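Inspection log for the structure reproduced underneath, given as structure tokens.
The values are calculated or read from the model by the stated rules, or taken from the named source; none is laboratory data. In this text the structure is predicted, and so the values were computed from the model without any measurement. Cβ placement follows ideal geometry from the backbone for every residue including glycine, while neighbour counts extend to all protein chains displayed.
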Amino acid sequence: MFLSVFDMFKVGVGPSSSHTMGPMVAAARFLDMMRASPFEFHGLRASLHGSLAFTGIGHATDRATILGLAGFLPDTYDHEKAEAALERIRETSSVSPEGLPTLNFDPREDLRFDFGPNLPGHSNGMILMATDAQGDVTLQETFYSIGGGFVLTEGELSAGKDTDDGSPVPYPFKSAVEMLDMAERSGKTIAEMKKANEIAGGCSESLSRGCARLWQVMNDCIDRGLTTDGILPGGLGVRRRAKSIHDALLAERGMNLNAPHTINDWMSAYAMAVNEENAAGGQVVTAPTNGAAGVLPAVIRYWLDHVPGAAASRVDEFLLTAAAIGGLVKFNASISGAEAGCQAEVGSASAMAAAGLCAVMGGTSAQIENAAEIALEHHLGMTCDPVKGLVQVPCIERNGLGAIKAVSAASLALRGDGNHLVPLDSVIETMRQTGADMHEKYKETSLGGLAVNVPNC
């Protein structure tokens, strides 16, 4: 099993990796299928199912699908160009993706939200169709957005094609036990093994450049969020708070007013800054998802800004360690809120951040595994019940608390010697079982929990 650091961390656009980025990627893949087809096409249709239908408006799934069929991609997304494209599509009822003729597509008629049962493969399903001059469907594909921006066709999902089993890597581990055994036998750290796997088919220079870009985008996102205020879109009237919290923290510096726990406010401000940007449709990095995108950057920023001895040159080590843990969670359970609730999103992010922080603070492989275990264990059972289908309540504050838990987990692990009762593998399996048992209304449908118990839903 091998998942690249650039699979776990992808530059994209808010507000959701599964509901925004995934549908956009699926649409791009469908356009490629059309380009490779011998048929002549005249129009497009799309239907959204399961969670993509129930929370699609709040997560901008309709917008992402339309833009994807127009040729937009998450990693090169340009907001101004997207707005202009949406206006043209509304006026002309057509899209003109590169390499294909102008295609009839009226979102009001050709994009359908199906609120019936989920498609059989996953709760995030969508069907894309291309039609001929008579309006008959001549090409059709079912896609599943399985979390974190990962997209599989129906055939790929049935075949179990969820990870890269292509090129062999020197340290292939599918469980935390295997990871720890390999670390002990090789004498390498988790980050060193992950790096060796990454460069097996490439070069360390491109890995370093890629990691540097990931952190740059994460850090820029924090900075934007810390300097932007106003009301978030979507109708809930949620006010951005990261800037005001950050401004207050800066004003209090040097005044001897701060209680020790004020450091939690710094972490929350960093995480909330990212998730406010995400909620506003800004550029973020999946870590491992958009809904949980603030946890890991907040912990890195906390480490760099507040921990003596921290060095930006070690951010690669943090990201590689975190990606190794995220890969285990994704392979053995889920990182999708629509599949397993928020334990799979913020819980996974907190485990990844705890592992990364423990690594750069000198933790052993056993302590790193312990840190991830503590963080994930104490998110078990967390539901995903976004109010009005928006990644605002409870998501924004929840990322702050996820970052605080990550730091606490890393600190507790570093106080021990790595020996502990509950293995990470057991917690990951418990999370998978809990997600399977969780009622569908608590898995990103906005049909239960907070979503039905606050006045604005």
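Note on segment 374-389: residues that are under 20 Å from Gly234 (Cβ atoms) and in a helix (DSSP H, G or I) amount to 3.
Residues that are in contact (Cβ under 8 Å) with a residue 40 or more places away in the chain and touching a Leu at 6+ places or on another chain (Cβ under 7 Å) within segment 258-273 comprise Trp266, Ala269, Ala273, listed in sequence order.
So that you can scan it fast, the table gives a plain yes or no per residue for (1) of a type in the set (Gly, Ala, Ser); (2) surrounded by 17 or more Cβ atoms within 10 Å (Cβ to Cβ):
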{"site": "Arg90", "(1), (2)": "no, no"}
{"site": "Val95", "(1), (2)": "no, yes"}
{"site": "Thr102", "(1), (2)": "no, no"}
{"site": "Asp110", "(1), (2)": "no, yes"}
{"site": "Phe115", "(1), (2)": "no, no"}
{"site": "His122", "(1), (2)": "no, yes"}
{"site": "Met126", "(1), (2)": "no, yes"}
{"site": "Ala130", "(1), (2)": "yes, yes"}
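Only residues that are closer than 14 Å to Glu373 by Cα and either hydroxyl-bearing (Ser, Thr, Tyr) or outside the structural domain of Lys330 (by TED's automatic domain parsing) (or both) were counted in segment 405-437, giving 4.
Among the conditions (1) buried (at least 24 other Cβ atoms within 10 Å of the Cβ); (2) at negative phi, the only one that Ala60 does not satisfy is (2). Taking segment 390-408, which residues are in a helix (DSSP H, G or I) and closer than 20 Å to Ser334 by Cβ? Selection gives Cys395, Arg398, Asn399, Gly402, Lys405, Ala406.
Counting the residues of segment 118-143 that are touching a His at 6+ places or on another chain (Cβ under 8 Å), under 19 Å from His49 (Cβ atoms) and assigned to a loop (DSSP other than H, G, I, E, B) gives 2. The residue that is surrounded by the fewest Cβ atoms within 10 Å (Cβ to Cβ), counting only those in segment 25-53 that are of a type in the set (Gly, Ala, Ser) and more than 30 Å from Ser336 (Cα to Cα), is Ala36. Looking at this structure, is Leu100 at pLDDT 95 or above and in a loop (DSSP other than H, G, I, E, B)? Here the answer is yes, as Leu100 does meet what is asked. The residue that is nearest to the chain's Cα centre (by Cα), counting only those in segment 327-370 that are assigned to a helix (DSSP H, G or I) and β-branched (Val, Ile, Thr), is Val346. Of the residues making up segment 407-449, those that are within 21 Å of the chain's Cα centre (by Cα) and of a type in the set (Lys, Arg) are Arg432, Lys441, Lys443. Taken over segment 198-237, the residue count meeting the criterion of being in a loop (DSSP other than H, G, I, E, B) and free of Cβ contacts under 8 Å to residues at least 40 places away in the same chain is 7. Taking segment 334-375 as the range and being in contact (Cβ under 8 Å) with a residue 40 or more places away in the chain, touching a Ser or Thr at 6+ places or on another chain (Cβ under 7 Å) and of a type in the set (A, V, I, L, M, F, W, C) as the test, the residues that pass are Ile335, Ala338, Ala340, Cys342, Ala344, Ala355, Ala359, Ile368. When Ser175, Ser167 are screened for being touching a Phe, Trp or Tyr at 6+ places or on another chain (Cβ under 9 Å) and exposed (fewer than 14 other Cβ atoms within 10 Å of the Cβ), only Ser167 passes. Per the listing Gly402, Gly389, the residue uniquely over 24 Å from Asn264 (Cβ atoms), assigned by TED's automatic domain parsing to the domain that holds Gly294 and either in contact (Cβ under 8 Å) with a residue 24 or more places away in the chain or among the β-branched types (Val, Ile, Thr) (or both) is Gly389.
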